[in-house]
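Read the figures in this text as sums done on the coordinates, not as results from a lab. A quick note: this is a predicted structure, and the numbers were derived from the prediction, not measured. No Cβ is skipped: glycine too gets one built from the backbone with ideal geometry, and neighbour counts run over all protein chains shown.
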Amino acid sequence: MMEKVELGWNDFWAETFRVKHRQSIQGIRHYDRLVVGFCIEALGLKKGSEILDIACGAGDQSIELAKRKMKVTAFDIAERLIEVAKERAKADGVSVDFFTGDMRDMQFDKQFDAAVMLSHSFGFFNHEVNKRVLGASYEALKKDGKLLLDLMNPYNIPKFQQTWTKLEGGYLLSEPHVLDAPAGVLTGRPAVYIDVEGDRIVLMNQDALENNDIRMYTALEIKSMLDEVGFTKIELYGQNQLPRRQYCAESERMVVIASK
């Protein structure tokens, strides 16, 4: 009988979801290139622009930005993801300043031309902490700098389903997210990993589950928060690829660009 173990986000699930599962998605590399192309055009980036990638995961978009001659600083809370990101950057022959860090502890001062939070990496804390993250992002930007948030559209959330995915060394069972409409929170996605090589069943511990909850802000709420921390101009788009499309209730994404 397989042993059952509970593991946390940093210990196990970050790499399972952000590396192994992501690699199993057909066309994901092409998707990353399209997203980066959108970021460059929408943010007005040029060769040598200094970019901050907040919650960069395993560095997929950070490395693509570096390939296009941007100066990229990128961090993530999961140490294992940063290890993978550094290995990838070295293999691809690009330079990215990767480090392990928590967005709640950001203390940059007017260093960057632009900052990005991609793949809905914003909204994982309570409202006041989320707002503090936006404030720290504002402080990180140079004069006229821009922040890009790539978010799910709260009015058009994907229809999540239970899925089995074959990964290297095992199988991943992902349960669907559930929207707590009164709270405006997309609850964590429980998952089970059948580790065939390790002869065990890996479950999410409570920390991994709780850290997977996402606060789903409306456009009005996001605009209000950004205005309160100092941003002056806010644009909304409905997809994270070119051409730019105006945001509406039916849009696939809610992409927010805030100017300092």
Checklist line | Convex hull volume of the range 1-59 per residue (C-alpha atoms, cubic angstrom) | finding: 100 Å³
Next item on the list: Output the pairs from K69/K260; K20/K131; K86/K260; K46/K67 with a Cα-Cα distance over 21 Å in this structure; if there are none, say none.
Entry: K69/K260; K20/K131; K86/K260
Note to self: Quick check on the chain: helices-only [θ] at 222 nm, where DSSP H runs of length 4 and up contribute -39,500 (n - 2.57) each and the sum goes over total residues. Nearest 500, please.
What the structure shows: -8000 deg cm²/dmol
Checklist line | Additional length obtainable on full extension of the chain from V196 to E139, 0.36 nm per residue less Cα span | finding: 15.9 nm
Notebook entry, point to check: Highest GNM mean-square fluctuation, the chain, Cα pairs closer than 10 Å: which of F99, F122, F160?
Noted result: F160
Note to self: Restricting everything to alpha-carbon atoms, can you work out Rg to Rh for the range 188-260 with a Kirkwood hydrodynamic radius?
What the structure shows: 1.21
Next item on the list: Jot down the radius of gyration and Dmax of the range 109-157, Cα atoms only, both in angstrom.
Entry: 11.9, 36
Checklist line | Cα long-axis angle, helix 219-229 against the chain (0 to 90 degrees, to the nearest 10) | finding: 60 degrees
Item checked: Convex hull per residue volume in Å³, alpha carbons only, for the chain -> 125 Å³
Check: Taking GluC sites (Glu not before Pro) that fall in a DSSP loop and have at most 10 other Cβ atoms within 10 Å as cut points, what is the longest piece of the chain between them?
Finding: 1-167
Next item on the list: Treat the range 106-216 as a sphere of radius equal to its Kirkwood radius over Cα pairs and apply Stokes-Einstein at 25 °C in a medium of 0.890 mPa s; give the translational diffusion coefficient in µm²/s, rounded to a whole number.
Entry: 150 µm²/s
Check: From a point 7 Å beyond the Cα of N205 in the direction of its Cβ, which residues of the range 1-37 have a backbone N at a distance under 14 Å?
Finding: 5-14
Notebook entry, point to check: Measuring from label point to label point, each 7 Å out along Cα→Cβ, what is the D105 to V185 span in nm?
Noted result: 2.4 nm
Margin query: What are the ³J(HN,Hα) couplings of the range 109-119, residue after residue, when phi is run through the Karplus curve with 6.51, -1.76, 1.60 and θ = phi - 60°? Round to Hz, x for glycine and proline.
Written below: 10, 6, 9, 10, 6, 7, 10, 10, 10, 9, 6
Margin query: Please compute, for the alpha-carbon atoms of the range 50-143, the extent along each of the three principal axes and give them in descending order in Å.
Written below: 39, 30, 19
Margin query: Rounded to whole Å, give me the distance from the Cα center of the range 239-260 to that of the range 30-45.
Written below: 12 Å
Margin query: What does DSSP give for the chain in terms of the percent of beta bridges that are antiparallel, rounded to the nearest 5?
Written below: 55 percent
Item checked: the range 245-259 - phi-based ³J(HN,Hα) in whole Hz, Karplus 6.51/-1.76/1.60, Gly and Pro as x -> 10, 5, 6, 8, 4, 8, 4, 5, 10, 10, 9, 10, 10, 10, 9
Notebook entry, point to check: Where does the charge balance sit around R245 when Lys and Arg score +1, Asp and Glu -1, over other residues with C-beta under 10 Å from its C-beta?
Noted result: +1
